Every structure is written in structure tokens, then in C-alpha cells.
Amino acid sequence: MASKKTATERYMHLDQRGRIIAEYVWIDAAGETRSKSRTLEEGTYTPDNLPIWNFDGSSTKQAPINNTDVYLRPCAVFADPIRRSPNIMVLAECWNADGTPNKFNFRHDCAKVMDAYAKHEPWFGLEQEYTLIGNDGRPFGWPTGGFPAPQGDYYCGVGYGKIVMRDIVDSHYKACLYAGVKISGTNAEAMLGQWEFQVGPCEGIEMGDHLWIARFLLTKIAEDHGVKVSWHPKPVEGDWNGQGLHTNFSTKGIRASEGMKLIEQAMERLGPYHSQCIEEYGDDNDKRLTGRHETGHIDMFSWGVADRSRSIRIPRETATRGCGYFEDRRPASNADPYRVTKILITAALGGA
């Protein structure tokens, strides 16, 4: 009997006879990706010439049972690394039947803010931490009923006993490159079974689009291996690192010769916005931002050079050169990138 993988590959190379499969992807009420497929005639597709579609919003908690239709408006197109060319993935915004953005459509308002600040040429780079979870609900690779060795050997580790499921990580990396996602790197993180990938730099609204598709692909690839992905900011209680969505930010001014002065101005503006930022930076973040495990405390805004115990880290290279970028370490791993980038650019630049 052929293996599941072999049996699937047998059909993946069949001629599609002038048609393609478009996988429409959206974000639901819980901040998870959903998707469904449709057939289109082969051609070159952009968000402007793709058809608007719909789904049952009552099944995703995005609409009431007596008015269930939620519309999918295409906003970005990527190559499909699962089904391969000429098939595509279509990231879509959710809209209500009355022509208003759905309550959980955070992209719409973020795009308007990015347009308003476009003259600054804002660049973002997001560091997405996550943990691979086995069928027992514990991080993959952890001994049954027990704990692995303490943290220390796992971060950027190599070797049996230090690293698990590298095949998922490498598959995801290649899939993102094929799709056109601006993935810029990956590494093992501080806890066994915990990893990180980075996306960016991306300009404006593109940041959220690329990160959501990267999350979607990781979830699908892990599905093939019978493994779950946890985006929770504190997947294991105790003396273990949580996980964040560290957000690197710059503007053309910050990247220029006098950029450090603009960064210091941004720090002054960000302090009074700390509580508003925390509200947008993900659920259960209080379990992670404790002032331990490379975090600043959730109740206090702070910043420093090369200091990972602060809310904001200014890279040593940026301080030395006098320009570059800064890293907001507060966002949780389950945060919505549209909400994070919107509040960050608003708070850091003010009315500039």
C-alpha cells in the first residue's frame, strides 16, 4: 500500500486543463486563519480581477445565524507552494453584506493608517515565535509526564535532544520563499519545541499580509505532520520563556544619518501610549510580560540599548551608527500584525 504522501503526490502533478485552484484565506473571530478553495480559469490574477466570494460567518463567529453571509474581498495574491504553480493563495478581507468591514477585519483600518503615513516609508520586520505541540498537548519532544533539561541548549541549537521537528521549519521556510512571502530567517528558540521565523522588511500594509500567509502556511505544513502550532504567549507555565511577535520598525528618517534623534523622539511619544499599545498587542500577554525571561513588565514602559529586559530595544548597531531601527518587544505571539503595526506607527510618529 502506498504511503499517504506518495498517494497524494500521484495526483498533484495531473494536468489541470486550463484551470487553477484559488485558495481563499481569511482571519476569523479567534484570530486564526481559515480557507476554502474554488476553481478559476487559468490567467494572471490580482486582487482587482479576482472574484469576491463569501462564507458562512455564523460558523466562524463572525456573523449571526439570521444574517450569515460574510464576503471575501481579495487583497493580496501569493503562489501556492502546496498545490504549486499555476495555483494561487488569495488573502481576503472580510466584509458584511451592508458594505461595511466585518468587526474582525482589522486590515481595513490599518491600510488607511498606512496610507496616511506613506510619506514616511515605514518598514516593519516581525519576529514570529511559536511552539510545536504534540497529541498530548505538550511541546513536541518533551518526555511523557516530565520535563526536558532546563533552557540553555535549545536556542539556535543543533543536534539530537536539542532540536525537534526541523523538517517542519525547513519545509515552511521553502514554502514561504516559493509563495513570495518576504521571510528573512528562522531559528530555534529558548524552549525545546519552540521556534521563530522572521518576515520583513515589508513596507506598510504588506507587513500584515505577508505574516498572515506565513502563519497560514506553517499551520498547514504542521497539519501534514500531525503537529499543532501554539501561538499562545506563554505555552508552558513556570521557568520557561514565553513567546512574542517582536516588531522592528523604522522610517526613511530613522534609517537616515540623524535617525537616532527620531528614535529618541519616538520613545517619548510611545511612553504615554503604553496601555493603549498593550490592549492591541495580543491576549494573555500578562502571562508573558512579567519582567523575567527577556521581557519588560507589562505595567511599565521602558527602553534601552541592547537590553532585552526593556519594552523597546535599540540595537547596539543602531546606537553606534546613529540610525537604523528599533524593536518593540511587547507584542505577544498571538497578536494581529495589523493591530500591532497600526498602533505602533500612530503612537511613534504621532501627527508627524
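Any idea which of (1) closer than 30 Å to residue 193 by Cβ; (2) in contact with a strand residue (DSSP E or B) (Cβ under 9 Å, 6 or more places away or on another chain); (3) open to solvent by less than 60 Å² (accessible area, probe 1.4 Å) is the one residue 106 doesn't satisfy?
Among (1) closer than 30 Å to residue 193 by Cβ; (2) in contact with a strand residue (DSSP E or B) (Cβ under 9 Å, 6 or more places away or on another chain); (3) open to solvent by less than 60 Å² (accessible area, probe 1.4 Å), residue 106 violates only (3).
Taking region 163-172, which residues are open to solvent by less than 70 Å² (accessible area, probe 1.4 Å) and part of a helix (DSSP H, G or I)?
Let us first name the residues in region 163-172 that are open to solvent by less than 70 Å² (accessible area, probe 1.4 Å), namely 163-165, 168-169, 171-172.
Once the filter is applied, which keeps residues that are open to solvent by less than 70 Å² (accessible area, probe 1.4 Å) and part of a helix (DSSP H, G or I), region 163-172 yields 168, 169, 171, 172.
Identify all residues within region 24-43 that are open to solvent by 60 Å² or more (accessible area, probe 1.4 Å), in a strand (DSSP E or B) and not polar (S, T, N, Q); write none if there are none. Give the derivation first.
Pass one, region 24-43, residues open to solvent by 60 Å² or more (accessible area, probe 1.4 Å): 30, 32, 34, 36, 38-39, 41-42.
Within this subset, residues satisfying the condition of being in a strand (DSSP E or B) are 34, 36, 38-39, 41.
34, 36, 38, 41, listed by residue number.
Any idea which residue in region 42-76 is nearest to residue 88 (Cα to Cα), counting only those that are among the charged types (D, E, K, R), touching a strand residue (DSSP E or B) at 6+ places or on another chain (Cβ under 6 Å) and free of Cβ contacts under 8 Å to residues at least 40 places away in the same chain? Steps first, please.
Here is the first cut: in region 42-76, the ones among the charged types (D, E, K, R) are 42, 48, 56, 61, 69, 73.
Remaining after also requiring touching a strand residue (DSSP E or B) at 6+ places or on another chain (Cβ under 6 Å): 42, 69, 73.
Cutting the leftovers down to free of Cβ contacts under 8 Å to residues at least 40 places away in the same chain gives us 69, 73.
Details: 69: 24, 73: 15 Å.
If we take residues in region 42-76 being among the charged types (D, E, K, R), touching a strand residue (DSSP E or B) at 6+ places or on another chain (Cβ under 6 Å) and free of Cβ contacts under 8 Å to residues at least 40 places away in the same chain, then 73 is nearest to residue 88 (Cα to Cα).
So how many residues does region 279-293 have that are within 30 Å of residue 258 (Cβ to Cβ) and open to solvent by 40 Å² or more (accessible area, probe 1.4 Å)? Let's see the steps before the verdict.
As a first pass, look at region 279-293 and keep what is within 30 Å of residue 258 (Cβ to Cβ): 280-281.
Still in the list and also open to solvent by 40 Å² or more (accessible area, probe 1.4 Å): 280.
Residues meeting the conditions: 1.
Only one of 79, 7 is of a type in the set (A, V, I, L, M, F, W, C) and at pLDDT 95 or above; which? Working first, answer last.
Details: 7 fails: at pLDDT 95 or above.
The match here is 79.
Looking for whichever is at pLDDT below 95 and among the charged types (D, E, K, R) here; the options are 258, 279. Which one fits? First the steps, then the outcome.
On the way: 279 fails: at pLDDT below 95.
Sole residue among the options that is at pLDDT below 95 and among the charged types (D, E, K, R): 258.
Suppose the filter is of a type in the set (A, V, I, L, M, F, W, C), surrounded by fewer than 18 Cβ atoms within 10 Å (Cβ to Cβ) and at pLDDT 95 or above; does residue 177 pass it? First the steps, then the outcome.
Details: of a type in the set (A, V, I, L, M, F, W, C): yes; surrounded by fewer than 18 Cβ atoms within 10 Å (Cβ to Cβ): yes; at pLDDT 95 or above: yes.
Criteria met by residue 177.
With the requirement that a residue be under 20 Å from residue 34 (Cβ atoms) and part of a helix (DSSP H, G or I), what does region 89-143 give you?
Correct list: 106, 107, 108, 110.
Kindly evaluate residue 252 against the criterion of being in contact with a Ser or Thr (Cβ under 9 Å, 6 or more places away or on another chain), within 25 Å of residue 210 (Cα to Cα) and either aliphatic (A, V, I, L, M) or surrounded by fewer than 21 Cβ atoms within 10 Å (Cβ to Cβ) (or both). Break it down stepwise before answering.
Values: in contact with a Ser or Thr (Cβ under 9 Å, 6 or more places away or on another chain): no; within 25 Å of residue 210 (Cα to Cα): yes; either aliphatic (A, V, I, L, M) or surrounded by fewer than 21 Cβ atoms within 10 Å (Cβ to Cβ) (or both): yes.
The answer is no for residue 252.
Among the listed residues 150, 235, identify the single one that is surrounded by fewer than 18 Cβ atoms within 10 Å (Cβ to Cβ) and either in a loop (DSSP other than H, G, I, E, B) or without any contact (Cβ under 8 Å) to a residue 60 or more places away in the chain (or both). It would help to see each step written out before you state the result.
Values: 235 fails: surrounded by fewer than 18 Cβ atoms within 10 Å (Cβ to Cβ).
The conditions single out 150.
Every residue in region 117-133 that is over 16 Å from residue 161 (Cβ atoms) and open to solvent by less than 10 Å² (accessible area, probe 1.4 Å), please.
Narrowing region 117-133 to residues over 16 Å from residue 161 (Cβ atoms): 117-131, 133.
122, 124, 126, 128, 130, 131, listed by residue number.
One line per residue, one yes/no per condition, for (1) closer than 16 Å to residue 78 by Cα; (2) in contact with an Asp or Glu (Cβ under 6 Å, 6 or more places away or on another chain); (3) in a helix (DSSP H, G or I):
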residue	(1), (2), (3)
185	no, no, no
195	no, yes, no
209	yes, no, yes
218	yes, no, yes
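So which residues in region 238-249 are over 18 Å from residue 203 (Cα atoms) and buried (at least 24 other Cβ atoms within 10 Å of the Cβ)? Reasoning before the result, please.
Initial filter on region 238-249 (over 18 Å from residue 203 (Cα atoms)): 238-244.
The answer is 242, 243, 244.
Can you tell me how many residues within region 11-23 are surrounded by 14 or more Cβ atoms within 10 Å (Cβ to Cβ) and either in contact with a Lys or Arg (Cβ under 6 Å, 6 or more places away or on another chain) or not in a strand (DSSP E or B) (or both)?
Summing the residues that are surrounded by 14 or more Cβ atoms within 10 Å (Cβ to Cβ) and either in contact with a Lys or Arg (Cβ under 6 Å, 6 or more places away or on another chain) or not in a strand (DSSP E or B) (or both) in region 11-23 gives 2.
Report whether or not residue 98 is in contact with an Asp or Glu (Cβ under 9 Å, 6 or more places away or on another chain), open to solvent by 30 Å² or more (accessible area, probe 1.4 Å) and of a type in the set (Asp, Glu).
Working: in contact with an Asp or Glu (Cβ under 9 Å, 6 or more places away or on another chain): no; open to solvent by 30 Å² or more (accessible area, probe 1.4 Å): yes; of a type in the set (Asp, Glu): yes.
Judged against the criteria, residue 98 is not a match.
If I ask for residues that are in contact (Cβ under 8 Å) with a residue 60 or more places away in the chain, surrounded by fewer than 14 Cβ atoms within 10 Å (Cβ to Cβ) and either assigned to a loop (DSSP other than H, G, I, E, B) or among the acidic types (Asp, Glu) (or both), which ones from region 255-278 would you list?
Selection gives 256, 257, 258.
Yes or no: residue 208 surrounded by 22 or more Cβ atoms within 10 Å (Cβ to Cβ) and under 23 Å from the mean Cα position of the chain (by Cα)? Can you show your working first?
Working: surrounded by 22 or more Cβ atoms within 10 Å (Cβ to Cβ): yes; under 23 Å from the mean Cα position of the chain (by Cα): yes.
It is true that residue 208 is surrounded by 22 or more Cβ atoms within 10 Å (Cβ to Cβ) and under 23 Å from the mean Cα position of the chain (by Cα).
Is one or more of the residues making up region 74-84 touching a Phe, Trp or Tyr at 6+ places or on another chain (Cβ under 8 Å), among the hydrophobic types (A, V, I, L, M, F, W, C) and open to solvent by 60 Å² or more (accessible area, probe 1.4 Å)?
no
The values are calculated or read from the model by the stated rules, or taken from the named source; none is laboratory data. As the structure is a prediction and not an experimental result, all values here were calculated from the model. Don't worry about glycine lacking a Cβ; one is built from the backbone with ideal geometry, like all the others, and counts go over all protein chains shown. The area values use the complete protein model at the heavy-atom level, side chains included, leaving out ligands, DNA and RNA. Shrake-Rupley method; radii C 1.70, N 1.55, O 1.52, S 1.80 Å.
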